[in-house]
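Take a look at the structure set out below.
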Amino acid sequence: MSEHLIVDIGSTHVAWRRGDETGRAAHRGHPGSIITRQVAGRPDRIVAGSVAAPLALQEFVDAVEAHWGLRPQMLAATSRSHGVSNGYRRPGLLGIDRWAALVAAFVHHGAPVLVADCGTALTVDCVDADGRHRGGWIAPGLGLMREVLARGTRLGEVLPEEGMPGENVFGSDTGEAVALGCLGALTGALERAQREAVRGCGAGCRLLLTGGDAGTVHDRLSPDWRVVPGLVLDGLELLDGGGR
């Protein structure tokens with residue numbers, strides 16, 4: 001297998017794709033070590049986007065260079081690509097994960113479109129029918145909400161380490177109450193974003209979810225929302241070689 005390797009390095013997880021081979025794992029600051037262990041055989045080239053801490057990014061670059069002798073091509077947001085115009089005042093400061101997801105959504109799914117990436121952070125971005133990025137939101141994701149709540153109160157003394165809510169609306173113990181409260185806050189934000197996107201871009205606005213918690217969040221939203229796994233990787237692949 002010699003296809004190029006596409007890598008999305010997030011704050012806490014790394015995802016990759018080479019041909020039909022895909023994977024995702026928590027990286028704990030060592031995304032390169034995970035990639036070199038998990039990907040069999042030397043790729044032709046490596047294309048990556050990163051929003052991880054600088055030390056994690058450097059570990060990735062060093063690990064793939066040492067293992068395969070390849071210098072990865074690191075992508076960044078630009079002012080325009082594939083018909084989408086970046087809505088940031090300083091386009092390069094838009095996270096490459098958000099930019100890649102927007103470009104993939106516009107190219108593969110059409111616009112207007114609202115894209116929500118449910119990962120360590122929740123990011124929400126809107127693109128109108130003309131390809132204009134209307135801006136977005138950033139908020140804590142499910143795990144981060146729970147972590148901050150536990151750290152900032154004494155709830156951490158009684159919360160179980162794991163556990164997601166069932167079908168209940170309100171929790172019958174502290175752990176369930178926290179999980180449902182965090183999920184309610186996140187889905188409430190998405191419902192508000194949906195209303196604002198429809199108001200600004202029209203009733204035909206597509207609603208896409210991606211990221212590690214997309215399935216959990218989708219179960220609590222209206223059926224108008226659609227889960228699209230790997231949207232950031234789709235976008236990185238489109239951005240590879242430069243925008244048009």
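Computed quantities for the displayed model
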quantity	calculated
All positions within the range 16-54 that are part of a strand (DSSP E or B) and closer than 16 Å to P229 by Cα	W16, R17, R18, E21, T22, G23, R24, A25
Scope the range 207-236; condition of a type in the set (S, T, N, Q) and either modelled with pLDDT under 95 or not in a strand (DSSP E or B) (or both); matching residues	T216, S222
Residue in the range 211-230 that is open to solvent by 10 Å² or more (accessible area, probe 1.4 Å), out of contact with any Phe, Trp or Tyr (no Cβ under 8 Å at 6 or more places or on another chain) and hydroxyl-bearing (S, T, Y) present	yes
Where W68 falls short, out of the listed (1) of a type outside the set (D, E, K, R); (2) crowded, with 16+ Cβ neighbours inside 10 Å; (3) in contact with a Gly (Cβ under 6 Å, 6 or more places away or on another chain)	(3)
Filter result (free of Cβ contacts under 8 Å to residues at least 40 places away in the same chain, loosely packed, with under 13 Cβ neighbours inside 10 Å and farther than 16 Å from L236 by Cβ) within the range 1-25	D20
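Listed here are the residues, each with its yes/no results for (1) over 18 Å from the mean Cα position of the chain (by Cα); (2) aliphatic (A, V, I, L, M).
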residue	(1), (2)
P43	yes, no
I46	yes, yes
H67	yes, no
R80	yes, no
I96	no, yes
T123	no, no
C126	no, no
D130	yes, no
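The values are calculated or read from the model by the stated rules, or taken from the named source; none is laboratory data. Values in this document were obtained by computation on a predicted structure and should not be read as measured data. Note that we place each Cβ from the backbone using ideal geometry, even for glycine, and neighbour counts take in every protein chain shown. Heavy atoms of the whole protein, side chains included, go into the accessibility calculation; ligands, DNA and RNA do not. Shrake-Rupley method; radii C 1.70, N 1.55, O 1.52, S 1.80 Å.
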